[in-house]
1. Would you tally the residues in the stretch 154-168 being touching a helix residue (DSSP H, G or I) at 6+ places or on another chain (Cβ under 9 Å), part of a strand (DSSP E or B) and touching a residue at least 40 places away in the same chain (Cβ under 8 Å)?
2. Identify, from the list R142, R129, R212, the residue that is of a type in the set (K, R) and without any contact (Cβ under 8 Å) to a residue 12 or more places away in the chain.
3. I want to confirm something. Restricting to the stretch 131-154 and keeping residues that are farther than 17 Å from L268 by Cα and crowded, with 20+ Cβ neighbours inside 10 Å, which single residue is nearest to the chain's Cα centre (by Cα)?
4. Can you tell me which residue in the stretch 65-93 is nearest to V170 (Cα to Cα), limited to those that are touching a residue at least 40 places away in the same chain (Cβ under 8 Å) and surrounded by fewer than 18 Cβ atoms within 10 Å (Cβ to Cβ)?
5. When the stretch 173-185 is examined, which residues are found to be touching a residue at least 24 places away in the same chain (Cβ under 8 Å) and surrounded by fewer than 24 Cβ atoms within 10 Å (Cβ to Cβ)?
6. Tell me yes or no: at least one residue of the stretch 218-241 is open to solvent by 50 Å² or more (accessible area, probe 1.4 Å) and in contact with a Ser or Thr (Cβ under 8 Å, 6 or more places away or on another chain).
7. Mind checking whether some residue in the stretch 105-115 is in a helix (DSSP H, G or I) and either out of contact with any Leu (no Cβ under 9 Å at 6 or more places or on another chain) or surrounded by fewer than 22 Cβ atoms within 10 Å (Cβ to Cβ) (or both)?
Amino acid sequence: MPTGERGRKSWSEIHGRGRPFLKMHGLRNHFVIVDAREVPFEPNAESVRWICDPTAGVGADQLVSIEAARGEGEAAFVRFWNRDGGEIEACGNATRCVAWLLLEEGGTDEVALRAPGGALSCRRAGAERVSVRMGRISTDWRDVPLAEERDTCHLDVGAGPLEDAAVLSVGNPHAVFFVDDVEAIDLAALAPAIQRDPLFPDQVNVGIAELRAEDRLRLRVYERGAGLTMACGSGACAAAFAALWRGLTDCSRLAVELPGGELTIEILADGSAVMTGPVAFSFSGLLPP
């Protein structure tokens, strides 16, 4: 090659080999999903923040890793990281996306998963729709967790017009405030102070719920490490359970309206929640080495 002449390079030569990923979303709650069943994936907090940053990385609300199963009869173990780099116990919308991938991969209608927050039983519910049995919801103050024993049905914590929270665990912690109009509340301004309350040693996801009918809720959620989201599956389960717990409705099956769309939540007799909703594929790519 003559001196000074530049050779052409392929994109793979420019960027190097990388880690394959899929970008998916559930009601516009976006995820970068990595298959780590054969090759381990252990991102540090800085890597997670970069991947989830839409101006520098891929862009996502959460990063998700599918790992080899750890229990008999389970297809995979699933891990979740918020875009601030912190690992979390559960993510309902991401679970639907992972379940759909494994259902498609195996050509089956049911798949069992496990996450740090517990076992997750998943099944097809239509074209690109998945139902997830999220497990038994706990109202025990130690499971939320709270820093001390308190009444979790009516917790004296809040900010501004938000007061009298119902707090519970759906594998991750939630505080639900029932309001007359979710659109009238500046959740982004109020939620951070609630999350940082010393009563919540692991912080908390903050939801505001409006009962629109016996079988319908409107919900907005400010998540730990992610902020305002278009949808929150575990938050929808928490709000539906709290509405029954408080005696605001007798319906065990509720439609939950979120900014990104609608989920159906059924609260079973044993206190567990079944979440049903759509999944969507966005694109695939390679994370740089």
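1. Within the stretch 154-168, residues that are touching a helix residue (DSSP H, G or I) at 6+ places or on another chain (Cβ under 9 Å), part of a strand (DSSP E or B) and touching a residue at least 40 places away in the same chain (Cβ under 8 Å) number 3.
2. Working: R129 fails: without any contact (Cβ under 8 Å) to a residue 12 or more places away in the chain; R212 fails: without any contact (Cβ under 8 Å) to a residue 12 or more places away in the chain.
Only one candidate passes the filter, namely R142.
3. V144
4. Top of the filtered list is E89.
5. If the condition is that a residue be touching a residue at least 24 places away in the same chain (Cβ under 8 Å) and surrounded by fewer than 24 Cβ atoms within 10 Å (Cβ to Cβ), then F178, V179, D180, D181, V182, I185 are the ones that fit.
6. For the stretch 218-241, residues open to solvent by 50 Å² or more (accessible area, probe 1.4 Å) and in contact with a Ser or Thr (Cβ under 8 Å, 6 or more places away or on another chain): absent.
7. Our first condition is that a residue be in a helix (DSSP H, G or I); within the stretch 105-115, this holds for 105-106.
Within this subset, residues satisfying the condition of being either out of contact with any Leu (no Cβ under 9 Å at 6 or more places or on another chain) or surrounded by fewer than 22 Cβ atoms within 10 Å (Cβ to Cβ) (or both) are 105-106.
Yes, there is a match, as at least one residue in the stretch 105-115 is in a helix (DSSP H, G or I) and either out of contact with any Leu (no Cβ under 9 Å at 6 or more places or on another chain) or surrounded by fewer than 22 Cβ atoms within 10 Å (Cβ to Cβ) (or both).
The values are calculated or read from the model by the stated rules, or taken from the named source; none is laboratory data. Only a predicted model underlies this, so the values are computations on that prediction, with no experimental measurement involved. As a convention, Cβ positions derive from the backbone with ideal geometry for all residues, glycine included, and neighbour counts pool all protein chains shown. Heavy atoms of the whole protein, side chains included, go into the accessibility calculation; ligands, DNA and RNA do not. Shrake-Rupley method; radii C 1.70, N 1.55, O 1.52, S 1.80 Å.
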